[in-house]
Structures are given as C-alpha cells and as structure tokens.
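Presented below is the structure to which this report refers.
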Amino acid sequence: MTLWLLGTHLDRTADYLENHDRVLLVESTQFATRRPSHPHKLTLLFAAMRRFRDDLRDRGYTVEYRQAETFGDALDTQFAAHPGDELTMPRPAAHGAADRLGRLVAERGGSLSFVDNPTFILPPAAFDEWAASRETDSPNSYRQEPFYRHMRRETGVLMDDGDPVGGAWNYDGENRETPPADWEPPAPPTFEPGETTRDVAAWVADELETFGEATETAAFHWPVTRAEALTALDRFVDARFEEFGAYQDAMVEGEWAMSHSLLSASINLGLLNPMEVIERAEQAYEEGAAPLNSVEGFIRQLLGWREFMRHVYRRSMPGLAEANQLDQTESLPSAYWTGDTEMVCLSEAVGHVREHGYAHHIERLMVLSNFALLYGADPGELNEWFHQGFVDAFHWVTTPNVIGMGSFATDVLSSKPYASSGSYINRMSDYCGSCPYAVSRDTGEGSCPFNSLYWTFLEENEETLRGTGRMGLMYAHVDDKSPEEWAALRERAEEVRDMAGAGEL
Ligand code: FAD
Ligand code: SF4
C-alpha cells in the first residue's frame with residue numbers, strides 16, 4: 001500500500017502518513033514546462049518536495065521519489081516495481097484531478113482512493129449542507145460574509161459565549177488606513193537557500209523558460225520546510241501583525257510586502273495548516289500582541305475567504321474557468337509581461353510580481369485585475385497570467401479569485417465588480433504623487449488611464465451592471481454626465497487602449 005502525495009500535500013504532521021508501506025512523490029518535469037512560471041515558484045515547489053522527502057526518510061519512512069516527464073511515466077515505473085499496488089492520496093483540490101489520477105492508476109492495474117485533505121478546514125459535505133440551508137434565503141446569503149460568520153460559530157474562533165469577540169463580526173472599517181510618509185515596515189524574512197534550493201534554482205535558470213523572463217536577483221522569501229514556515233509565521237506575528245489590519249488595503253511605493261503575512265504559499269503547499277495559523281493569530285490577540293482589527297481581519301481571510309473560495313470553486317467548476325459574462329476578449333497589455341509602463345501603480349505591482357512572484361491582495365485586486373477588467377482583457381488570459389506569475393498560484397484558488405472576484409466574469413462571488421477609477425488608488429497609496437498621469441483628470445492627454453476606462457466600462461456594461469448589487473450610486477454619476485463629457489471620455493479611453501496595446505502607456 002502506497003501513500004501518494006502531491007507537491008501540495010507537504011504536511012509532515014498529517015495523520016494519513018501512518019499505516020502505509022511507502023510514500024510516493026512524483027516530480028513531473030511537465031509541470032515545470034507546461035507554462036513559463038515564475039522561477040521562485042518552480043524553485044519553491046520542487047525544493048519543498050525534495051526537503052519533504054529527506055525529512056520523511058530521516059523519520060524512517062520509505063519514500064520513492066520519482067523524477068519523470070509525466071505522472072504517467074512515473075506510475076509506469078511505480079507499477080513495474082509494485083504490480084497491482086493500492087494507492088491512497090489526500091483529495092486534490094484541483095477540479096478533475098482525482099478522476100484523472102484515478103484513471104492513470106487504473107490503466108496500470110492499480111487502485112487509487114482518497115482521504116480528507118487537511119489543507120482545508122471545512123469538509124465538502126459540511127459546506128454543501130450550509131449552502132443548501134442558504135438557498136431558501138435571499139440570493140445574497142450564499143456569500144462569504146454569512147459563510148464566515150457560520151465558520152466562526154462552528155469553530156468557536158474569536159467567539160465569546162456565542163457572540164463575536166469585541167461585539168462585531170467584522171472590523172473592516174478600521175482596516176483602511178494609509179501609513180505616514182516616514183513609515184517603514186519590518187523587512188520580510190528571507191531564507192538563505194540551502195543546497196537543495198540552490199540546485200533546483202540552477203536547474204530552473206538553466207533549463208526552463210520562465211515568467212516574463214523574470215530575473216532571479218531578488219532574495220528568496222519562501223519557506224521550503226515546515227521549520228522555515230513556522231519561522232515565517234513567528235516573524236509575521238512578532239513583527240508585522242500589529243499593523244496588518246490598519247494597512248491591509250494600503251499601497252506604498254517601493255514596499256512590496258507591506259504588513260502582509262506572505263504565508264499563502266506555505267499554507268497552499270501544506271507546510272502550515274490553516275487552523276494552526278488561525279489559532280496562533282487568536283493567541284496573539286489573547287496575549288495582547290495584536291489588536292482586534294488586525295486579528296479579525298487576518299482570520300477572516302483564512303477562515304472566511306480561503307475556505308469560501310475553495311468550495312465555490314469546487315461547486316462551480318468547470319463553468320467557472322470559462323465564465324465571461326461581460327464578453328471581454330482583449331489580450332493583456334504587454335506591460336503585464338514587461339513591467340514597462342509609466343503608470344506607477346501598474347509598474348509597481350507588475351514589478352513586485354516579476355521580482356518576487358508575489359503582489360499583495362489589494363495590488364492583485366485593485367491594480368492588476370482592476371486595470372485588466374476596465375481594459376476589457378479576456379478573464380481566461382488574466383487567469384493564466386496570474387498562474388504563471390505567482391508563487392502561491394494553484395487552480396483551485398487562483399481561478400475563483402481572478403475569474404470571480406477580479407474579473408466579475410461570473411456573479412457567483414459578488415453582485416458587483418471590484419472596479420474603480422484612479423481615485424481609489426490615490427486614496428489607498430502614494431503612487432499617484434509620482435506618476436506622470438494626472439489622477440484628478442478623466443480626459444485629455446496625460447489624464448489617469450484608469451479614469452476614462454472606468455466610465456466607459458460602466459457605459460459599455462450598463463445592461464449587466466446597472467441593476468446589480470450596489471451600483472446605483474455609480475450609475476447616478478453616469479446619468480449626470482453630458483454628451484460632451486461622454487465624447488471626451490470615449491476619445492480618451494480609445495487612446496488609452498491603443499497606447500496600452502502598443503506598449504506605450
Ligand atoms: P495575507 O494578506 O497575509 O492574508 C492571510 C491569508 O489569507 C493568506 O495567506 C491566504 O492564505 C488567505 N487569503 C486571503 N485572501 C484570500 C482569498 N481571496 N482567497 C484565498 N485565500 C485568501 N491567493 C492564493 O493563495 N493564490 C492565488 O493564486 C491567489 N490569486 C489571487 C488573484 C487575485 C486577482 C486576487 C484578488 C486574490 C488572489 N489570492 C490568491 C488571494 C490573496 O490575494 C492572497 O492569498 C494573498 O494576497 C496572499 O498573500 P499573504 O499570504 O501575504 O496574505
Ligand atoms: Fe495609477 Fe492613475 Fe495614480 Fe498613475 S495617476 S498611479 S495611473 S491611478
């Protein structure tokens with residue numbers, strides 16, 4: 001009997017490690033070559049798998065580590081050594097993976113069964129039960145916020161005798177500050193690459209085509225072992241957590257990490273368990289090490305958003321990946337690959353992705369996907385771009401975030417798009433101050449590209465958007481504009497599109 005683990009199953013504390021003859025790990029070259037991914041992502045994944053292998057062997061497990069072109073090739077070798085083997089695997093989160101892998105095993109005369117995947121907190125049946133109870137309610141009750149409250153009640157996290165700690169469920173109102181001009185966040189931890197990481201990084205650099213020809217000059221910030229991931233968690237709680245809440249939505253020129261935890265990749269790979277991270281955050285609150293707005297805001301991301309995304313993806317695939325309710329078909333502007341643009345916000349965010357394989361949530365949502373949405377980019381192409389560029393990208397989490405939240409290609413996650421003009425970016429960042437474009441102007445040469453695209457986006461998608469969610473106020477402004485204003489907005493939007501398409505924005 002073999003326990004087959006994927007690169008997202010690197011949990012050395014999992015119960016499923018027991019009661020097997022051996023553990024199988026497959027390093028498939030096809031994963032690295034099927035798309036040009038960020039070098040840090042590939043280095044992280046393969047180095048973490050190899051270090052996990054070494055750790056299991058040190059603990060006395062028999063580990064078969066197979067390097068092959070495809071999973072099928074690795075299974076050929078596996079079944080030649082162990083004919084008729086019975087395999088078990090934690091259920092993979094990617095749509096269709098369980099069936100696909102099951103078929104590969106069956107074709108070679110074996111069997112593959114699945115156990116619960118501890119990378120997530122709520123089992124599918126429990127989510128489905130919650131969702132069924134909402135279907136009788138209003139359509140907006142199948143949303144993250146009521147789900148998050150349900151999860152707080154179910155787990156007892158940040159609860160006080162049946163009520164939310166502090167008296168409110170959500171402290172978002174306190175999480176929209178921008179830091180003072182002289183603010184400097186503590187530097188994020190870096191992990192000196194060991195021999196394994198250096199070997200993988202050299203192979204990636206020598207052999208593979210990588211994302212946007214991203215360079216590898218940046219320090220490596222991504223834990224490849226559980227010990228490093230625990231250090232990253234400690235460093236976040238000790239040095240950054242206090243300010244996480246207040247500056248959660250803020251952007252500062254030159255600061256790629258702000259006070260974010262940088263833990264998503266560790267959690268998605270299984271190096272950290274989401275519940276242990278939540279419990280650590282709650283403990284920090286109880287010990288007075290972090291304020292409630294930081295702790296609640298952070299826990300909501302993990303207990304609410306991460307879990308909700310996983311289940312919405314599970315229930316909405318395969319249609320979710322193909323969704324395009326606004327019929328957007330433009331190719332992504334070349335600046336997404338090169339980072340070459342005068343727009344400071346876009347140049348910063350793309351630069352962070354190219355350098356680190358990471359941009360924080362508000363850059364992902366309100367700069368990278370907001371601009372693509374207003375520009376009319378194909379949501380599938382944007383999804384592919386995020387998959388290539390980010391160290392924490394896996395289909396189950398990138399797809400609902402990009403297609404649902406960022407592109408509003410379906411209304412399964414929200415009833416209105418996360419679309420804004422440059423004024424939001426100006427409010428939440430210091431980017432506009434040094435930008436050659438004028439955020440205060442909507443039209444004419446030199447006006448902020450976000451602005452004309454925003455108004456024409458509302459105009460072009462009026463049929464879908466006017467009646468939805470909370471768009472009433474925006475359409476009141478649309479209705480107020482004169483024909484002359486519209487003519488100038490359309491002209492500037494056209495110009496912006498042409499410049500973006502030609503890589504001249
Ligand atoms: P923090 O800001 O410190 O948040 C704490 C944790 O909460 C994260 O580590 C993450 O595990 C979880 N979390 C927060 N928001 C979400 C969310 N919306 N969905 C799922 N988990 C969440 N997250 C990924 O893990 N992989 C992706 O490929 C990914 N792509 C995204 C694409 C877009 C367009 C958007 C808007 C969001 C995306 N996210 C993705 C969600 C979120 O932006 C990242 O999880 C977060 O920025 C990771 O950085 P952090 O660990 O510093 O997070
Ligand atoms: Fe971005 Fe517009 Fe501000 Fe420039 S002016 S940084 S393009 S929002």
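The values are calculated or read from the model by the stated rules, or taken from the named source; none is laboratory data. No experiment lies behind these values; they were computed from the predicted model shown. Because the Cβ atoms are built from the backbone with ideal geometry, glycine has one as well, and the counts that use them run over all protein chains shown. Just so you know, the surface numbers come from the protein's heavy atoms only, side chains and all, with ligands and any DNA or RNA stripped out. Shrake-Rupley method; radii C 1.70, N 1.55, O 1.52, S 1.80 Å.
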Legend entry - Breaking point among (1) farther than 25 Å from residue 156 by Cα; (2) touching a Lys or Arg at 6+ places or on another chain (Cβ under 6 Å), for residue 355: (2)
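Please verify whether region 265-273 includes one or more residues that are open to solvent by 20 Å² or more (accessible area, probe 1.4 Å) and touching a Phe, Trp or Tyr at 6+ places or on another chain (Cβ under 6 Å). First the steps, then the outcome.
Start the filter on region 265-273 by keeping residues that are open to solvent by 20 Å² or more (accessible area, probe 1.4 Å), which leaves 273.
When the remaining residues are screened for being touching a Phe, Trp or Tyr at 6+ places or on another chain (Cβ under 6 Å), the result is none.
No, every residue in region 265-273 fails to be open to solvent by 20 Å² or more (accessible area, probe 1.4 Å) and touching a Phe, Trp or Tyr at 6+ places or on another chain (Cβ under 6 Å).
Taking region 417-427, which residues are more than 16 Å from ligand 1 (Cβ to nearest atom) and open to solvent by 30 Å² or more (accessible area, probe 1.4 Å)? Don't jump to the end; show me each part of the working.
Within region 417-427, the subset more than 16 Å from ligand 1 (Cβ to nearest atom) is 421-423, 426-427.
Those that are more than 16 Å from ligand 1 (Cβ to nearest atom) and open to solvent by 30 Å² or more (accessible area, probe 1.4 Å): 423, 426, 427.
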Inset, instruction - Sort through 93, 80 and tell me the only one that's crowded, with 17+ Cβ neighbours inside 10 Å and among the small types (Gly, Ala, Ser). - result: 93
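Look through 411, 430 and report the one residue that is within 12 Å of ligand 2 (Cβ to nearest atom) and open to solvent by 30 Å² or more (accessible area, probe 1.4 Å).
That would be 430, the only listed residue that is within 12 Å of ligand 2 (Cβ to nearest atom) and open to solvent by 30 Å² or more (accessible area, probe 1.4 Å).
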Legend entry - Filter result for the condition that a residue is within 12 Å of ligand 1 (Cβ to nearest atom), at pLDDT 95 or above and of a type in the set (Asp, Glu), over 363, 348, 381: 363
Legend entry - region 422-440, residues that are outside any loop (DSSP other than H, G, I, E, B) and β-branched (Val, Ile, Thr): 425
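Okay, residues lined up against (1) out of contact with any Gly (no Cβ under 7 Å at 6 or more places or on another chain); (2) surrounded by fewer than 13 Cβ atoms within 10 Å (Cβ to Cβ):
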| residue | (1), (2) |
| --- | --- |
| 160 | yes, yes |
| 170 | yes, no |
| 190 | yes, yes |
| 199 | yes, no |
| 203 | yes, no |
| 207 | yes, yes |
| 211 | no, no |
| 234 | yes, yes |
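Modelled with pLDDT of 95 or more and charged (D, E, K, R): does that describe residue 116? Spell out how you get there, then give the answer.
Details: modelled with pLDDT of 95 or more: no; charged (D, E, K, R): yes.
Considered against the rule, which asks whether it is modelled with pLDDT of 95 or more and charged (D, E, K, R), residue 116 comes out as no.
Please work out if residue 443 is more than 10 Å from ligand 2 (Cβ to nearest atom), assigned to a helix (DSSP H, G or I), among the polar types (S, T, N, Q) and assigned by TED's automatic domain parsing to the domain that holds residue 490. Steps first, answer last, please.
On the way: more than 10 Å from ligand 2 (Cβ to nearest atom): yes; assigned to a helix (DSSP H, G or I): no; among the polar types (S, T, N, Q): yes; assigned by TED's automatic domain parsing to the domain that holds residue 490: yes.
Considered against the rule, which asks whether it is more than 10 Å from ligand 2 (Cβ to nearest atom), assigned to a helix (DSSP H, G or I), among the polar types (S, T, N, Q) and assigned by TED's automatic domain parsing to the domain that holds residue 490, residue 443 comes out as no.
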Inset, instruction - For residue 375, state whether it is more than 16 Å from ligand 2 (Cβ to nearest atom) and assigned by TED's automatic domain parsing to the domain that holds residue 424. - result: no
Legend entry - Single residue of 206, 182 found to be out of contact with any helix residue (DSSP H, G or I) (no Cβ under 9 Å at 6 or more places or on another chain) and outside any loop (DSSP other than H, G, I, E, B): 206
